[in-house]
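Read through the structure below, which is laid out as structure tokens, and then see the notes.
The values are calculated or read from the model by the stated rules, or taken from the named source; none is laboratory data. Everything quoted here is computed from the prediction, not taken from an experiment. Virtual Cβ from ideal backbone geometry, glycine too; neighbours counted across all protein chains shown. The accessibility values were calculated without ligands, DNA or RNA, using every heavy atom of the protein model including side chains. Shrake-Rupley method; radii C 1.70, N 1.55, O 1.52, S 1.80 Å.
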Amino acid sequence: MGRVPYWNISYGIGIDLLAVPLIIIFLYGLYGHWKRIKQGKARLTFSLRNSSLKIGPVYIGALFTKGILGSRIYKKLFTGVAHGFLFWGMFLLSIGTALVFLNVLFGLPVFKGAFNRWFMSFALDAGGLAALSGTLFLLIRRLAFPPEGLVAPKARPGFVLMEVAITVIILTGFLLEALRIAHNGFDEGAFVGNWVAGLLGGGDSLSLHQIVWWGHGFVALAFIAYIPYSPLIHLVLAPINTSLAIPVPGPKMGVLDFSAFEDEEAEELPSLGVCKLTDFSRKRLLDFSSCLWCGRCHEVCPAAQTGKSLSPKGVIVTLSEYMNKDKFQDDSLLDEISANAIYSCTTCAACMEVCPVSVNQPKAIMRMRQHLLMERSEIPDIMGQAHKSLEARQHPFFGTGSGPNDWRKDMDIPSFEEGKTEYLLWIGCAITYEERTQKIARSMVNILQKAGVSFGVLEESRCTGDPAKQMGNEFLFSEIAQQNIEEFTSLGIKKIITMCPHCYNSFTRHYPPLGGLFKVVPHSVFINSLIKSGRLELRNGEQTICYHDPCYLGRRNNIFAEPRNVVASLGRLIEMPRNRENSFCCGGGGGNYWAEEEGTRINQARAKEALDTGAVKIATACPFCLLMLTDGLKKYADVEKAYDIAELVNNQLKDG
Amino acid sequence: MHIVVLAKVVPDYEVPSVDFELVSNRAHPRYTRMIGLYDENAIEMGVQLKEKHAASLTIMSYGRKEDIQILRKSIAMGGEKLVLIQGTSDDPFVIADNLKTAIEQLGGVDLVLAGRQSADMDRGIVPGVLGEMLGSRFIPQVSAVENEDGAWKVSQVTETGLRELEFVGNGVLSITSVPENVPRIPAVRAIFAAKKKSVQTMSGRDGDESWMSEVSVEIPKMESTCEFLPVEDMNETAMTLLKRLKEERYL
Amino acid sequence: MKTVIIEIMDPNRLGELVTVSKKFCDTPDIIALGKGDLPGTFGKAFHTSETISANLVSDISELLKKEGYEIIIMSATTIGTGLAGPLAVRLSGSLISEVTGVLPDLVIERPLYGAKAVMQCKIEKKPLILTVRRKYFEKDMLEGTTETIELPGGPEKVILLAEKEEKQEGIPLEDADVIVTGGRGIGNAENFAMLQDVAAPLNGAVGASRGAVDEGWMPPTFQIGQTGKIVAPSVYFAVGVSGASQHLAGIANAKCVVAINKDEEANIFNRARFGIVMDYKKAVPALIDLLKKEV
């Protein structure tokens, strides 16, 4: 005998009628989100080269993988599986409920034959069981053993209520099924229902069934109606947020347009950066609404993990609380978050890399930093000195003991000449003004000369402007960048080799919107191609070398393999526990090379991690990383251990 | 109240010794030019006074036309007007004489602030000479200025401490750096506004510079034989250091 | 040449100026300022207790004109700087500041560009006013005493409201044989106390770089460098000091510089006799422990 909908229930249609007002409540809640989010600025579109499939603003790939499948959640296995059980279990149950509804309305024959047995009974029981176990795991984890990130600085309220509600809905669902089975007899496939019916000991209460039926219905409807007012709204917002995020790594800062300031006629000048919620784009406000406060970003953040006042989660929490309290025009925002926290960000982007719902924390932080610097002139002392130096002498290395040409002392290096030289070897500030890093350039010159590459350098080394951008001064950045672009264009420069990932990132991400289109190759990639094509011959050593991923090369530009290939051709490559896209920053990014750190020093933490691999040498491919690691290693080791890959390659070149 | 701050554009004062070279007795022109460090402290102090007393603030410089774009920073920091007296003299009396003329032309100037010494010639003479030429009080090494009921109260850093001084009338003060007058970073909108400000330029007068003649300018040789002590065991390092200091009769 | 010294009655400052004056004459005259007894033998000795330069300019310039001095020597200190410019205008004289050397035939030596260069110039016009950088000339012994003639006091144009002496434990920086100086690398005001523990057992004094003073960790009176105190100790500990040329200008005459800095490329090592490349937070406590035991 098939199941009969609304069996034992009079006026069962009442529950469907009740659904109407509750769905209105649900939609009203959704509208509330939209109303808040639309107070942000319409998104600026800027061109970023990427070939991902896109319909309108929606990236289809990201929608399915990160959005619907929730692929990032599984980076934490247990939590990921529990979340998967809960989500997919509830997904099955919702389909089941929808089918019952269709059966009532249109007589869809779902309660017949194999479909009833395998889907309506077995699959839905399995779904309920999965969702129940998932919820209970998450609930107990939240209450009994929450991970650091979940509770620091605070946990998001509302989860416990919703998790309890889910538990109640599923338990009452099973009870209903069991009561029905107890009365109507064994239901093939409904393995949970049959088992619970057995537990009831053949007891059969039609009135209890009625009470539970209505209770289950009310709770379920109330649960759905309440979703937009609870953290569970991420069911809707998270897929939207992930599918709108441009699938290019890094925060994608773009460049600011200062033309309004140049305009003599302009009446009202725009406020630079962000000091209140309405200054953010709608995408950022969607970020803050989507964020679940799960704290995975907190757990990977180099600042948060070394006792700084910054927690990327903490920042988003404050922002979302301002949103919930409708404080859209309140400019106490930056003070609430604190300038100290805003300047502690190393812009390493580890936070956004782990974020399951594609929140762009660094961009929000950088927007606020831009305001602090460009409008309020607030910057920590030492970083301020570097900034002042960059402004006055076009490099941030104040107090340097080196002159601009010291790096090329006693070397015969050709200058770039249009038509004669193919590549410009770009010598940035970090390589020019620190004695340790000058060796990178000297090694690279030697490598290029050995390989017979046609290259030249500029008469005077200079900065791309990246430190200005990282410190929040977009204006200074665009001034320096425009000057460079003009000079490159007039010199006929088309191809550039960089030794600093920050320069690389600037050239490839931030110069094109200003009109500077150059073919740029990081030295790790270039050296790798020289080795591959046989233009460099190396003596392979037996030594173990571990490789530290510079954030601006790895996580922000997905260059992981080439530097590793180079290292592997020099010795035995070993990995640190945190590597590739999960690499831990050296601490020098975001202008924090010039910082008096509070708490533990990030570079010491990373140096320790590298040393603990037991590697004889530590390789990296960024002058800032090299300086930070060299300094960090002093705490633990007396001998020099950190090298740039160019230095290592140069040392192992075969003679002749 | 009208305040004038004197600012001089000088070659980068942080050029490391190893990279320093001279061309016809002066720093090589390749070095970046910037506002002298104590001059920036003086500008900051001028801006603070302007903000407190709603004073007008003029930045005045003696130098080259190319210096204008560097001097605009002082306007962005809060200066209202920029006056450049064009000239190339290094003579303190000639410079002071030119500044005196320009200040008198401005008229109604109550207070002149200047860095305690320029970052190139390192003399610290011009403010004192100018003060006397203007018939104003001259007080060197000032770290704070206030105006109370028309009287100037200033703090002066001396070799042994701090003096609180008071005077009435016009003054020329040379400013030293303290935490309170660390120069501010100009906001971007102020930088743009400064670009649009017109600059008053006047040509400087030559003067008699025959009171002295330069015999030579040279870069002194610095012997650099640093002995790095081993640092494996700091207690041992400290012991070695003390022993060596005693052996070589420094202690 | 008829030479006069204008200085407060501090035997160290006076001693150095007398040494300078001997390049121009046998026995200089003096205008002694401030309180105390005048040490040393001078030709004529005038005295006034006034020490505010602005209140002295008129009287002193009259006196200088009347006596017809050709060489006027002061130290490059607050009071010397305050007097030099105005006097040069009143006397229509020559003026060289921050003098570090006096050669024959009125050739004077002084530093330029943060002491990265040294200028020699010949003076063609008298009277010549010199302000002499401290610690560049040996102190004269200042034997005997001289009767002073009191100068009449003029009207006070600048009033002294208060004078605050920075309490200096132990020896003034200029006179210390051992100086322990902290720079920006010290990181905060509290840690300067650590430097005191190195200085005290060695009977030394604590100083600060311009960076540390700008951070507000030490009062400006403790600043060592071209625009602070010029010092000449026998041992100069530079702790967390990077060694900008303006700082080195203030320690040009230090005999032995010991640099402690974690940055091995810090410029201070170019001036140091001994270098310790290490975080001062590790190095200094070890030194303090040892000094406690040894001294």
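Laid out as a table, the results:
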{"item": "Selection status of B:ARG244, facing another protein chain (nearest Cβ under 7 Å), open to solvent by 70 Å² or more (accessible area, probe 1.4 Å) and farther than 24 Å from B:ALA114 by Cα", "result": "no"}
{"item": "Set A:GLY89, A:GLY134, A:GLY80: member being more than 22 Å from A:VAL168 (Cβ to Cβ), out of contact with any strand residue (DSSP E or B) (no Cβ under 7 Å at 6 or more places or on another chain), open to solvent by less than 50 Å² (accessible area, probe 1.4 Å) and not hydrophobic (A, V, I, L, M, F, W, C)", "result": "A:GLY80"}
{"item": "Test result for A:PRO146, in contact (Cβ under 8 Å) with a residue 24 or more places away in the chain, under 30 Å from A:ILE37 (Cβ atoms), open to solvent by less than 70 Å² (accessible area, probe 1.4 Å) and of a type outside the set (Lys, Arg)", "result": "no"}
{"item": "Entirely in the stretch C:142-244, the strands (runs of 3 or more DSSP E) that have 3 or more residues that are of a type outside the set (S, T, N, Q) and farther than 22 Å from B:ASN181 by Cβ", "result": "C:158-165, C:178-182, C:235-239"}
{"item": "Subset of the stretch C:248-278 that is free of Cβ contacts under 8 Å to residues at least 60 places away in the same chain and polar (S, T, N, Q) - its residue that is surrounded by the fewest Cβ atoms within 10 Å (Cβ to Cβ)", "result": "C:ASN270"}
{"item": "So A:GLU391, is it under 28 Å from A:GLY295 (Cβ atoms) and at the interface with chain B (Cβ under 9 Å from one of its Cβ atoms)", "result": "no"}
{"item": "Qualifying residue in the stretch A:54-70 (condition: in contact with a helix residue (DSSP H, G or I) (Cβ under 9 Å, 6 or more places away or on another chain), in a loop (DSSP other than H, G, I, E, B) and open to solvent by less than 60 Å² (accessible area, probe 1.4 Å))", "result": "yes"}
{"item": "Residue list for the stretch C:218-264, restricted to those being hydroxyl-bearing (Ser, Thr, Tyr) and over 12 Å from the mean Cα position of the chain (by Cα)", "result": "C:SER234, C:TYR236, C:SER242, C:SER245"}
{"item": "Odd one out for A:LEU373, checked against (1) within 13 Å of another protein chain (Cβ to nearest Cβ); (2) at pLDDT 95 or above; (3) within 17 Å of A:GLY588 (Cα to Cα)", "result": "(3)"}
{"item": "Selected residue (only one of B:SER61, B:SER24 is more than 9 Å from every other protein chain (Cβ to nearest Cβ) and farther than 18 Å from B:LEU106 by Cβ)", "result": "B:SER24"}
{"item": "Total residues in the stretch C:157-172, condition at the interface with another protein chain (Cβ under 9 Å from one of its Cβ atoms) and touching a residue at least 24 places away in the same chain (Cβ under 8 Å)", "result": "6"}
{"item": "Among residues of the stretch C:50-77, those that are away from every other protein chain (no Cβ under 13 Å) and in contact (Cβ under 8 Å) with a residue 24 or more places away in the chain, counted", "result": "11"}
{"item": "Filtered residue count, the stretch A:1-19, keeping only those that are part of a helix (DSSP H, G or I) and either open to solvent by 80 Å² or more (accessible area, probe 1.4 Å) or among the aromatic types (Phe, Trp, Tyr) (or both)", "result": "2"}
{"item": "Whichever residue in the stretch B:201-215 is hydroxyl-bearing (Ser, Thr, Tyr) and in contact with a strand residue (DSSP E or B) (Cβ under 9 Å, 6 or more places away or on another chain) and, among such residues, is nearest to the other protein chains (Cβ to nearest Cβ)", "result": "B:SER213"}
{"item": "From the options B:GLU44, B:GLU66, B:GLU40, residue that is open to solvent by 50 Å² or more (accessible area, probe 1.4 Å), assigned to a helix (DSSP H, G or I) and either within 13 Å of chain A (Cβ to nearest Cβ) or at negative phi (or both)", "result": "B:GLU66"}
{"item": "Criterion violated by A:LEU48 - all others in (1) modelled with pLDDT under 85; (2) hydrophobic (A, V, I, L, M, F, W, C); (3) farther than 30 Å from A:ALA220 by Cα; (4) loosely packed, with under 13 Cβ neighbours inside 10 Å satisfied", "result": "(4)"}
{"item": "Residues within the stretch A:20-41 that are under 15 Å from A:LEU286 (Cα atoms) and part of a helix (DSSP H, G or I), tallied", "result": "9"}
{"item": "Any hit, the stretch C:238-247, residues being among the polar types (S, T, N, Q) and open to solvent by 20 Å² or more (accessible area, probe 1.4 Å)", "result": "yes"}
{"item": "Scan of the stretch C:215-233 for residues that are at the interface with chain B (Cβ under 10 Å from one of its Cβ atoms) and surrounded by 22 or more Cβ atoms within 10 Å (Cβ to Cβ), ordered by number", "result": "C:TRP217, C:PRO220, C:THR221, C:GLN223, C:GLN226, C:THR227, C:GLY228, C:LYS229, C:PRO233"}
{"item": "Candidate set from the stretch B:120-140 (those that are more than 7 Å from chain C (Cβ to nearest Cβ) and part of a loop (DSSP other than H, G, I, E, B)); member that is most open to solvent (accessible area, probe 1.4 Å)", "result": "B:GLY135"}
{"item": "Filter result for A:GLY401 (within 14 Å of chain B (Cβ to nearest Cβ), buried (at least 23 other Cβ atoms within 10 Å of the Cβ), under 22 Å from A:TYR511 (Cβ atoms) and of a type outside the set (Lys, Arg))", "result": "no"}
{"item": "Candidate set: the stretch B:69-119, residues that are part of a helix (DSSP H, G or I) and charged (D, E, K, R); chosen: the one surrounded by the fewest Cβ atoms within 10 Å (Cβ to Cβ)", "result": "B:GLU104"}
{"item": "Residue among B:GLU227, B:GLU218, B:GLU166 that is open to solvent by 70 Å² or more (accessible area, probe 1.4 Å), of a type in the set (Asp, Glu), under 30 Å from C:GLU174 (Cβ atoms) and within 9 Å of chain C (Cβ to nearest Cβ)", "result": "B:GLU218"}
{"item": "Any hit, the stretch A:202-218, residues being assigned to a helix (DSSP H, G or I) and touching a Cys at 6+ places or on another chain (Cβ under 9 Å)", "result": "no"}
{"item": "Qualifying residue in the stretch B:170-183 (condition: more than 9 Å from chain C (Cβ to nearest Cβ), open to solvent by 40 Å² or more (accessible area, probe 1.4 Å) and modelled with pLDDT under 95)", "result": "no"}
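Residue by residue, here is whether (1) open to solvent by 10 Å² or more (accessible area, probe 1.4 Å); (2) more than 28 Å from B:LEU22 (Cα to Cα) holds:
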position: C:ALA76; (1), (2): yes, no
position: C:GLY82; (1), (2): no, yes
position: C:SER94; (1), (2): no, no
position: C:VAL107; (1), (2): yes, no
position: C:GLU138; (1), (2): yes, yes
position: C:LEU151; (1), (2): yes, yes
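Let's see how each residue does on (1) closer than 29 Å to A:THR346 by Cα; (2) open to solvent by less than 10 Å² (accessible area, probe 1.4 Å); (3) not assigned by TED's automatic domain parsing to the domain that holds A:CYS625:
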{"residue": "A:TRP426", "(1), (2), (3)": "yes, yes, yes"}
{"residue": "A:ALA430", "(1), (2), (3)": "yes, yes, yes"}
{"residue": "A:ASN446", "(1), (2), (3)": "no, no, yes"}
{"residue": "A:GLN483", "(1), (2), (3)": "yes, no, yes"}
{"residue": "A:ARG509", "(1), (2), (3)": "yes, no, yes"}
